[in-house]
Amino acid sequence: MSYVTLDEFKKLEIKIGHILSAEKVADTDKLLKLSVDMGEETPRQIISGISAYFLDPQILVGKKCAFATNLEPRTIRGFESQGMILAVSGDSFFSLLETLPEVTPGSTVK
């Protein structure tokens, strides 16, 4: 295992985002394109390799989940991804890190 210092960990910004829309990225097996309200002026676009866990991406709409928001934007299959959704998985499970419905989009995880 590799350790990070507390100062390194503090550099990561984790916020709660409200998923506004979710759709499969054409010609891919794994990718979904999410539009996410992070409490900012405009929603962010997140490209995520979680399609295999959601046969109907519409089930994600309305969920409030944790996102890493200060990663460098990255272009994936021609779409800019402006963050990363956080999840936990194992041999027999997959779960997004969700919050209670009353948590405000843009709230910072501390």
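Just so it is clear, none of the values below were taken in a lab; they were calculated from the coordinates. Just so you know, these numbers come straight off a predicted model, no measurement behind them. Backbone-built Cβ (ideal geometry, glycine too); neighbour counts: all protein chains shown.
Here the gap between Phe93 and Leu12, fully extended at 0.36 nm per residue and compared with their Cα-Cα distance, gives a gain of 26.6 nm. One decimal place: the segment Leu71-Leu86 gains 4.1 nm when fully extended, by the rule 0.36 nm per residue minus the C-alpha distance. For the range 6-96, relative contact order (Cα pairs under 8 Å, six or more residues apart, normalised by length) works out to 28 percent.
Sorting 5-15, 20-30 by average packing, meaning the other beta carbons within 10 Å per residue, from highest down gives 20-30, 5-15. In terms of overall dimensions, the C-alpha atoms belonging to the range 6-96 reach 38, 33, 24 Å along their principal axes, ordered largest to smallest.
GNM remark for the chain: springs join alpha carbons under 10 Å apart, and the peak mean-square fluctuation among Gly90, Gly49, Gly78 falls on Gly90.
Taking 0.36 nm per residue of separation and subtracting the current Cα-Cα distance, fully stretching the chain between Leu55 and Lys30 would add 7.9 nm.
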